[in-house]
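J.: Starting off with a structure, shown below.
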Amino acid sequence: TWLDRQDAHRLIAEAIQHDFPEIAASQPEIVAQHLSSAGETWRAIEFWIKAGQRAASHCANLEAAGQFNAALQLLATLPESQSRDRTEFRVLTSLCPVLYAAKGYGSAEATHANTRLSALGESIGDSPELFLAKWALVMNTIAGVGSRHVPAAARSLLDMAHKDPLRKQAGHYAVANAAFWLGEFETTRDHA
């Protein structure tokens, strides 16, 4: 044959993008699949992200999670770099909300995604996404296990809030929620 398999997938992806842009826009997962098979990892990741965002915008949360996870799987094949970490952070900030909606804050998948997002956020720096990730991690921990370490983590959100009133409100909510659940845990344990 005059084309190998990767070249065929690359040509199909390019044909869809150039000749059928409405399909590329409405079904980016098709382009992502062909780019993945073509070995065009970075381009495939971008299309998986678009596919996940499109599915999330239609409340197809499980589908969106699958597409964001496809992007994460491809990212894992790339060498470590700041660009890879930033892209992973971006994917995780999109993945976490669909996991909360589909599986709940306390799910194992949400816990894993939040933990990784928080770890990446430390190297990325302060951002609205990092605050959201840390807030979700606190809420995730409360929902999952009611950890004794939650109040300190919740209070750290207040430090991150700076002068942003929405962050402050979210931080106070997390502190109050943590205190309530910790109190419930101690009451239950003391009376058991």
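J.: Looking at region 46-57, is at least one residue assigned to a helix (DSSP H, G or I), open to solvent by 80 Å² or more (accessible area, probe 1.4 Å) and farther than 26 Å from residue 89 by Cα? Spell out the reasoning first.
T.: Of the residues in region 46-57, the ones assigned to a helix (DSSP H, G or I) are 46-57.
The next check asks that each one be open to solvent by 80 Å² or more (accessible area, probe 1.4 Å); those that pass are 50, 53-54, 57.
Adding the requirement that they be farther than 26 Å from residue 89 by Cα leaves none.
No.
J.: Separate question: For region 93-146, which residues satisfy the criterion of being open to solvent by 50 Å² or more (accessible area, probe 1.4 Å) and at pLDDT 85 or above?
T.: Scanning region 93-146 gives 97, 101, 103, 108, 109, 112, 116.
J.: Residue 150 - would you say it is modelled with pLDDT of 70 or more, open to solvent by less than 50 Å² (accessible area, probe 1.4 Å) and more than 18 Å from residue 87 (Cα to Cα)?
T.: Values: modelled with pLDDT of 70 or more: no; open to solvent by less than 50 Å² (accessible area, probe 1.4 Å): yes; more than 18 Å from residue 87 (Cα to Cα): yes.
Judged against the criteria, residue 150 is not a match.
Listed here are the residues, each with its yes/no results for (1) open to solvent by less than 60 Å² (accessible area, probe 1.4 Å); (2) over 21 Å from the mean Cα position of the chain (by Cα).
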{"position": "6", "(1), (2)": "no, yes"}
{"position": "9", "(1), (2)": "yes, yes"}
{"position": "15", "(1), (2)": "yes, yes"}
{"position": "18", "(1), (2)": "no, yes"}
{"position": "29", "(1), (2)": "yes, no"}
{"position": "42", "(1), (2)": "no, no"}
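J.: Which of the residues that make up region 74-93 are over 10 Å from the mean Cα position of the chain (by Cα), part of a helix (DSSP H, G or I) and β-branched (Val, Ile, Thr)?
T.: 87
J.: Buried (at least 18 other Cβ atoms within 10 Å of the Cβ) and of a type in the set (D, E, K, R) - does that describe any residue in region 67-81?
T.: Checked region 67-81: no residue is buried (at least 18 other Cβ atoms within 10 Å of the Cβ) and of a type in the set (D, E, K, R).
The values are calculated or read from the model by the stated rules, or taken from the named source; none is laboratory data. Quantities reported herein were computed from a predicted structural model and do not represent experimental measurements. Virtual Cβ from ideal backbone geometry, glycine too; neighbours counted across all protein chains shown. Ligands, DNA and RNA are stripped out before the accessible areas are found, and what is left, the full protein with its side chains, is counted by its heavy atoms. Shrake-Rupley method; radii C 1.70, N 1.55, O 1.52, S 1.80 Å.
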